[in-house]
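**Student:** The structure under discussion is supplied below as structure tokens; questions concerning it will follow.
The values are calculated or read from the model by the stated rules, or taken from the named source; none is laboratory data. Since the structure is predicted, the reported quantities are computational estimates derived from the model, not experimental observations. Neighbour counts run over all protein chains shown; Cβ positions are idealised from the backbone, glycine included. Heads up: the accessible areas ignore ligands, DNA and RNA and are worked out on the full protein's heavy atoms, side chains in. Shrake-Rupley method; radii C 1.70, N 1.55, O 1.52, S 1.80 Å.
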Amino acid sequence: MKRNGIIFLLVLSLIFQNAYARDNIREVFKNKQAVIYTINIRNFGAADKNLDGLINVYEGDTKGSFLNAKEKLPELSRDGINTIYVLPINSVGKYKALGTAGSLYAMDSFTMLNPQLDDNNPMKIEDEVIAFTTKAHELNMNVILDLPSCGSYDLRLRKPDWFAFDENSKSYTPADWTDVRLFKTYNEDGSLNEEMLMNFKSFIDMAIELGFDGIRADVAAIKPPEFWKNIIDYARSKSENFYFLAEANPEWENPEPAGVKKYSSINELLNVGFDSYYGSFSDFKNIKTKAEFDKKIETNIKILQKNKDKSIIGAFATHDQQSPILRGKNYWNMILWLNTTLPINSYFLDGFSVGDDYIYDYENKKASKSLTDDEYYFVHSGMADIFNLTGPVRAKYPKLKKNYLKAISFKNENKEFFKNAKYKTPKTNNEKVFAYSLTYENKKLIAVGSLDENEIQNIVLEENALNKRHTFSLINVKNSPKIVKDKINIKLEPLEMQVYMIKN
């Protein structure tokens with residue numbers, strides 16, 4: 001009887017473990033199989049009942065919290081999302097603030113959670129977060145948390161020793177981030193600031209205790225590699241598979257933030273333990289020729305060839321960039337299929353799937369109430385609002401969701417293909433059109449896209465593999481190409497992208 005009881009407990013334990021089993025996050029990213037969905041807890045599960053774009057609980061609106069965000073996770077799972085990226089959740093500053101709720105990146109504490117996110121029920125807010133991450137894990141989704149790079153002005157007033165100062169005893173304001181100040185990573189003698197290391201480690205402890213599987217390090221390049229090595233080694237001693245994503249771009253060369261001597265390079269960050277970095281796609285809208293496109297992709301491929309088991313994410317449309325829909329549906333569609341067919345991890349911002357343009361009626365208007373010293377609704381026009389108590393995303397173009405789901409499904413159905421496929425750039429007869437192919441075993445994906453936003457473009461691709469033994473599938477096409485012998489004749493509308501698959 002006793003032995004049977006032990007066996008029963010072991011079986012029960014295995015069942016419990018399997019219920020929460022999920023894919024290893026570092027393996028998912030290494031294999032280019034991550035489909036990332038970025039959310040702002042402050043508005044993700046909120047309810048804007050009077051449809052003014054803002055959340056005012058005194059007027060009957062429901063503010064965003066981890067508990068109502070948890071209820072929306074099953075839909076993301078059904079959509080094919082396997083990684084949730086949560087924008088900063090720490091308490092935020094109120095002085096010299098941007099917006100009436102304070103920027104999510106004006107971190108006021110390394111370990112205190114933002115009370116704006118509390119559901120105001122008997123549960124502790126920490127338990128609400130754990131309920132959220134637990135639900136995600138049950139759905140086989142990993143969750144990463146954003147770690148801000150700087151501290152709020154409020155925090156600088158309370159803890160001046162944590163911040164860097166110039167020769168005039170003035171703390172550094174990085175670029176145009178007027179609400180934050182630069183942390184001090186080095187002491188005067190050149191040694192690492194141990195107190196700041198301890199602060200970052202306390203954030204890691206909090207993230208692990210709350211059930212997060214990794215972090216996205218905001219502007220990781222402004223801190224030295226040895227600083228990050230210390231943090232990453234510490235995190236991995238606590239959780240072996242804890243994931244690190246660096247917001248860093250191989251094209252960042254000259255530091256913008258005052259007080260930063262040099263950016264850490266991508267290679268340096270990857271060498272000290274980062275698993276992934278942002279591909280150099282933030283300025284993609286400025287690319288006008290195939291040569292520019294090829295150079296950008298090849299730069300990232302060369303970095304990954306030197307850094308095995310590392311990866312990049314498709315940072316074409318993050319919260320720092322304007323909504324692709326503002327350039328039209330063709331451009332939106334291009335960003336979608338680049339995200340799901342390039343050898344990268346796919347990245348989508350909440351609202352992308354339904355064409356939210358992030359244009360708010362309240363932009364720059366004076367507020368009747370404010371939680372900060374800013375009396376105006378500050379926003380970056382065309383970008384997701386991270387400064388105010390905003391309502392949930394708006395489905396400006398709900399019919400886009402169908403193609404969005406199609407693209408994600410295509411990527412998920414071809415996981416092994418994208419994991420192993422070799423990338424090539426075929427020669428074309430048109431410099432305004434990019435083209436690339438991915439080949440693995442008996443499959444070959446071909447993608448072409450027009451970089452011209454005004455005129456129709458034509459392109460001819462030579463494809464020797466076309467014969468009776470092959471099938472030519474149209475994956476994402478508006479106007480079917482004409483195939484004559486071993487040539488594919490393609491007509492592209494402005495900013496149109498097409499995708500085909502050839503199978504033997």
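**Student:** I'm trying to understand the selection: among the residues of segment 181-231, which are aromatic (Phe, Trp, Tyr), in contact (Cβ under 8 Å) with a residue 60 or more places away in the chain and within 21 Å of Phe165 (Cβ to Cβ)?
**Tutor:** Phe200
**Student:** Also, quick follow-up: Considering only segment 407-416, I want to know if a residue exists there that is of a type in the set (S, T, N, Q) and over 17 Å from Gln33 (Cβ atoms).
**Tutor:** no
**Student:** When segment 415-428 is examined, which residues are found to be free of Cβ contacts under 8 Å to residues at least 60 places away in the same chain, out of contact with any Ser or Thr (no Cβ under 8 Å at 6 or more places or on another chain) and exposed (fewer than 15 other Cβ atoms within 10 Å of the Cβ)?
**Tutor:** Result: Glu416, Asn420, Lys427.
**Student:** Within the group Glu455, Glu431, Glu441, Glu463, which residue is open to solvent by 10 Å² or more (accessible area, probe 1.4 Å) and touching a helix residue (DSSP H, G or I) at 6+ places or on another chain (Cβ under 6 Å)?
**Tutor:** None of the others qualify; the one that does is Glu431.
**Student:** If you scan segment 179-198, which residues turn out to be open to solvent by 20 Å² or more (accessible area, probe 1.4 Å) and in a helix (DSSP H, G or I)?
**Tutor:** Across segment 179-198, the qualifying residues are Glu194, Glu195, Met198.
**Student:** Quick one: which of Asp213, Asp154, Asp233 is surrounded by fewer than 18 Cβ atoms within 10 Å (Cβ to Cβ) and either among the basic types (Lys, Arg) or out of contact with any Leu (no Cβ under 7 Å at 6 or more places or on another chain) (or both)?
**Tutor:** Every option except Asp233 fails the conditions.
**Student:** Can Asn412 be described as over 23 Å from Glu27 (Cβ atoms), part of a helix (DSSP H, G or I) and either open to solvent by 20 Å² or more (accessible area, probe 1.4 Å) or at pLDDT below 95 (or both)?
**Tutor:** no
**Student:** If I filter segment 258-266 for residues that are within 19 Å of the chain's Cα centre (by Cα), surrounded by fewer than 18 Cβ atoms within 10 Å (Cβ to Cβ) and farther than 23 Å from Ser437 by Cβ, do I get at least one hit?
**Tutor:** no
**Student:** What pairs can you find where one residue is in segment 286-300 and under 9 Å from Glu431 (Cβ atoms), the other is open to solvent by 20 Å² or more (accessible area, probe 1.4 Å) and in a loop (DSSP other than H, G, I, E, B), and their Cβ atoms are less than 7 Å apart, with a gap of 6+ or different chains?
**Tutor:** Thr289/Glu431; Thr289/Lys432; Lys290/Thr428; Lys290/Glu431; Ala291/Glu431
**Student:** Identify all residues within segment 26-49 that are in a loop (DSSP other than H, G, I, E, B), open to solvent by less than 20 Å² (accessible area, probe 1.4 Å) and out of contact with any helix residue (DSSP H, G or I) (no Cβ under 7 Å at 6 or more places or on another chain); write none if there are none.
**Tutor:** Asn40, Ala46
**Student:** Given the conditions (1) β-branched (Val, Ile, Thr); (2) modelled with pLDDT of 95 or more; (3) in a helix (DSSP H, G or I); (4) open to solvent by 20 Å² or more (accessible area, probe 1.4 Å), which single one is not true for Ile359?
**Tutor:** Every condition holds for Ile359 apart from (3).
**Student:** Just the residues that are in contact with a strand residue (DSSP E or B) (Cβ under 6 Å, 6 or more places away or on another chain) and among the aromatic types (Phe, Trp, Tyr), please, taken from segment 363-377.
**Tutor:** Tyr376
**Student:** Right, something else. Only one of (1) within 18 Å of Ala106 (Cβ to Cβ); (2) modelled with pLDDT of 90 or more is not met by Ala248, so which one is it?
**Tutor:** Here Ala248 meets the rest and fails (1).
**Student:** Right, something else. Just one of the numbered conditions (1) touching a helix residue (DSSP H, G or I) at 6+ places or on another chain (Cβ under 7 Å); (2) open to solvent by 50 Å² or more (accessible area, probe 1.4 Å) is not true of Ser169; which one?
**Tutor:** Here Ser169 clears every test but (1).
**Student:** Out of all the residues in segment 329-344, is one or more outside any loop (DSSP other than H, G, I, E, B), more than 24 Å from Ile41 (Cα to Cα) and either in contact with an Asp or Glu (Cβ under 7 Å, 6 or more places away or on another chain) or of a type in the set (Gly, Ala, Ser) (or both)?
**Tutor:** Checked against the condition, which is being outside any loop (DSSP other than H, G, I, E, B), more than 24 Å from Ile41 (Cα to Cα) and either in contact with an Asp or Glu (Cβ under 7 Å, 6 or more places away or on another chain) or of a type in the set (Gly, Ala, Ser) (or both), segment 329-344 yields at least one hit.
**Student:** Let me ask something additional. Give just the number: which of (1) without any contact (Cβ under 8 Å) to a residue 40 or more places away in the chain; (2) open to solvent by 50 Å² or more (accessible area, probe 1.4 Å); (3) not hydrophobic (A, V, I, L, M, F, W, C) does Glu493 not satisfy?
**Tutor:** (1)
**Student:** Continuing with the same structure: If you take just the helices (runs of 4 or more DSSP H) that sit entirely in segment 50-161, which of them hold at least 1 residues that are in contact with a Phe, Trp or Tyr (Cβ under 6 Å, 6 or more places away or on another chain) and modelled with pLDDT under 95?
**Tutor:** Result: empty, no element qualifies.
**Student:** Continuing with this model, one more query. Give segment 385-398 a look and list any residue that's under 17 Å from Lys63 (Cβ atoms) and assigned to a loop (DSSP other than H, G, I, E, B), or say none.
**Tutor:** Asp385, Ile386, Phe387, Asn388, Leu389, Gly391, Pro392, Val393
**Student:** Run down Ile325, Ile312 and say which single residue is among the aliphatic types (A, V, I, L, M), buried (at least 21 other Cβ atoms within 10 Å of the Cβ) and outside any helix (DSSP H, G or I).
**Tutor:** None of the others qualify; the one that does is Ile312.
**Student:** Take segment 279-297 and flag every residue that is of a type in the set (Ser, Thr, Tyr), surrounded by 16 or more Cβ atoms within 10 Å (Cβ to Cβ) and in contact with a Lys or Arg (Cβ under 9 Å, 6 or more places away or on another chain).
**Tutor:** Ser280
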